[in-house]
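The values are calculated or read from the model by the stated rules, or taken from the named source; none is laboratory data. In this text the structure is predicted, and so the values were computed from the model without any measurement. Note: ideal-geometry Cβ built from the backbone for every residue, glycine included; neighbour counts use all protein chains shown.
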Amino acid sequence: MNNYFEVKQIKNCRKFIRNCYTLFKPIDKKLLIQLENYGHLEIQSFSSFSPLAKDSFKLNLEDILEITGVIEGNEFFITIAKTDLELVKRIEKELINWAEN
Amino acid sequence: MQQTSQLLRGNYLYNRNSYIAAGEPMIFHCHHYNVYLQAVIEDTSSYLHVYPMLSDSSQEIVYTQFSNFFEEKNNQNLSIEDKKQVCQDYFRFCGFGIIDLTNLTKEGGQVVAPYEHYGIGWKTKFGLRQKNKKGVAFFAAGYIAGATEAIFGLPLGTLFTEQKKCISKGDTKSVFEVSTRQNNNILDEDEENEINLVPSPQEGEYQTYKLKNPSNTTIDYQAIRQALTNMDLQGDVKTGLINAFGVLLTRMYANYYCLISYKLLRLFEGEMGNDGLPLAAQLLTEAGHICAYNTFGGVMQSTEWNAMIKPMIQDKEDWVHGITAVVNAFGWGFWEIEKLEPNKQLKMKVVSGYESNNYLAHFDTHTELPISFLAAGGVSGIMNLIYNTSITEDFMTLDEKEYRKLVQNSSFFTAQKQICRVKQHSQFDEIEVTSK
């Protein structure tokens, strides 16, 4: 744990791990723009079906990385191939950078 | 290859809670259920002749579906190449993987699959399969045979597919050989087999109904169903796999599960009489429970759940409603909570369940036991996940170790009472789950 997020790792798969983050600041447009370096951004507009629902986003980098999260929410997920774990550090740096600014 | 404009997709029919594609009900299930159910069936192979039904069942269904599709008015002028493309594309769309049918003729030929759901799913769940065992892609083998028969207008049962290589055994691709079916080329060479394939029952004895929004929860069932059925869940262009909710998802043929499950039941009955039925029922219900644990558990920890459903949740019981609302978008029929006593009891009404729809249309309706095995395991799984794990409080790993802990829990929930559309001739299934 640090001043920006809490993280829990889940290991349901032989090839991938999933880091589940609870961010201390809700996800905004600025973070999404920052993360676009990691893949094509897709937004799922759940809020059009219910006023209570929020939208979600997804970014994919080939077969090795998937970043998803809840827009205006605090839930952020990284699913990553066990062979490319160093990428997690880079994304966490991005999160800290975004949270500080 | 020329791009054909006629691709098979299907529609979600809200008054049946079912995806129908060229007459076939399609439902969402994940690799955990697919490969576990197959493993359960395969475990009986030392005393039951189970292998042929695993591929014959998909051949029956796929043949029926594509024959119907190619007979539709808009599709009657499709060329052989166009038809091959339709079948390859649908395989990918459903998350079954990638197959190349280019070299097939009406006499057969070789089919290569660089990605295949069962092979990859097996390896992911159980690890590498032993080299001396059969390949695991029985479903795909039957799909290829049935599709080829439909493409060339051959009678059902003309062809047979043998799997030569399998991703589950460490091969880089799965490879299939299609040839003319003869009595002696069926999977178990030492046993005689009759060629007795029959068309799929398609939608079976389906019912129409209306999804209700219960008044005792803030969960909006209708909005959740609307949102989920509009999600673009289809196989990836490169891999043909659907990676969603932390599992490998498929748009699977409802009738495939039913045919292999109920044929297994008949084999048990044939071998052991009525005494064999409870054992078969126990195995099939456990497969449903495993499915619930992994699929529902994956859903509850997914981004989609956190965005769409979690903001509606106010208490633990809303988790039960939330996942029940999700099930109403899986194509499994209507699931409606009749009674929920926190941490004690869940009574679920299932209308137009895909299991009873199939059974009533395709099998002898006299049965000694309730036949909605997936539903019984699934309803128990909901209660176990929510009241016997920490999933509502924190993210958790859903693995074998956690699962073993769960089943040893003294408050483990099971289906204690069932009313069945088949056994009791009732209007709907009702499953009552309580703890030990």
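Pairs linking a residue in region B:1-30 that is surrounded by fewer than 21 Cβ atoms within 10 Å (Cβ to Cβ) and in a strand (DSSP E or B) to a residue that is at pLDDT 95 or above and of a type in the set (S, T, N, Q), with Cβ atoms under 6 Å and 6 or more positions apart or on different chains, are B:12/B:229. Residues that are modelled with pLDDT under 95 and touching a Leu at 6+ places or on another chain (Cβ under 9 Å) within region B:232-262 comprise B:243, B:244, B:246, B:248, listed in sequence order. Of everything listed in (1) buried (at least 22 other Cβ atoms within 10 Å of the Cβ); (2) assigned to a loop (DSSP other than H, G, I, E, B), the single unmet condition for residue B:63 is (2). Just a yes or no: is a residue in region B:135-156 in a helix (DSSP H, G or I), among the charged types (D, E, K, R) and under 27 Å from residue B:67 (Cβ atoms)? So far as region B:135-156 goes, yes, one or more of its residues are in a helix (DSSP H, G or I), among the charged types (D, E, K, R) and under 27 Å from residue B:67 (Cβ atoms).
When you scan region B:378-436, how many residues do you find that are acidic (Asp, Glu) and either part of a helix (DSSP H, G or I) or closer than 30 Å to residue B:366 by Cβ (or both)? Spell out how you get there, then give the answer.
Here is the first cut: in region B:378-436, the ones acidic (Asp, Glu) are B:393-394, B:399-400, B:402, B:429-430, B:432.
Still in the running and either part of a helix (DSSP H, G or I) or closer than 30 Å to residue B:366 by Cβ (or both): B:400, B:402, B:429-430, B:432.
Of the residues in region B:378-436, 5 are acidic (Asp, Glu) and either part of a helix (DSSP H, G or I) or closer than 30 Å to residue B:366 by Cβ (or both).
Exactly one residue out of B:285, B:295, B:250 is within 30 Å of residue B:225 (Cβ to Cβ), in a strand (DSSP E or B) and of a type in the set (Val, Ile, Thr), and it is B:250. Entry remark, region A:63-84: residues being of a type in the set (Asp, Glu), surrounded by fewer than 22 Cβ atoms within 10 Å (Cβ to Cβ) and at the interface with another protein chain (Cβ under 9 Å from one of its Cβ atoms) number 2 in total. Just so you know, in region B:236-266 the residues that are among the polar types (S, T, N, Q) and buried (at least 24 other Cβ atoms within 10 Å of the Cβ) include one that is farthest from the other protein chains (Cβ to nearest Cβ), and it is B:255.
Just to be sure before I move on: is residue B:288 in the same structural domain as residue B:403 (by TED's automatic domain parsing), modelled with pLDDT under 95 and surrounded by 19 or more Cβ atoms within 10 Å (Cβ to Cβ) in the structure I sent? Spelling it out, it is not the case that residue B:288 is in the same structural domain as residue B:403 (by TED's automatic domain parsing), modelled with pLDDT under 95 and surrounded by 19 or more Cβ atoms within 10 Å (Cβ to Cβ). If you go through region B:377-436 and pick out every residue that is touching a residue at least 12 places away in the same chain (Cβ under 8 Å), β-branched (Val, Ile, Thr) and closer than 28 Å to residue A:74 by Cβ, you end up with 5. Selection of region A:16-68 for residues being among the aliphatic types (A, V, I, L, M), without any contact (Cβ under 8 Å) to a residue 24 or more places away in the chain and assigned to a helix (DSSP H, G or I) yields only A:33.
So in region B:268-308, with the set limited to residues that are in contact (Cβ under 8 Å) with a residue 12 or more places away in the chain and hydroxyl-bearing (Ser, Thr, Tyr), which one is nearest to the other protein chains (Cβ to nearest Cβ)?
Only one residue fits best here, namely B:302.
Tallying residues that are surrounded by fewer than 19 Cβ atoms within 10 Å (Cβ to Cβ), farther than 25 Å from residue B:321 by Cβ and away from every other protein chain (no Cβ under 14 Å) within region B:364-409 yields 9.
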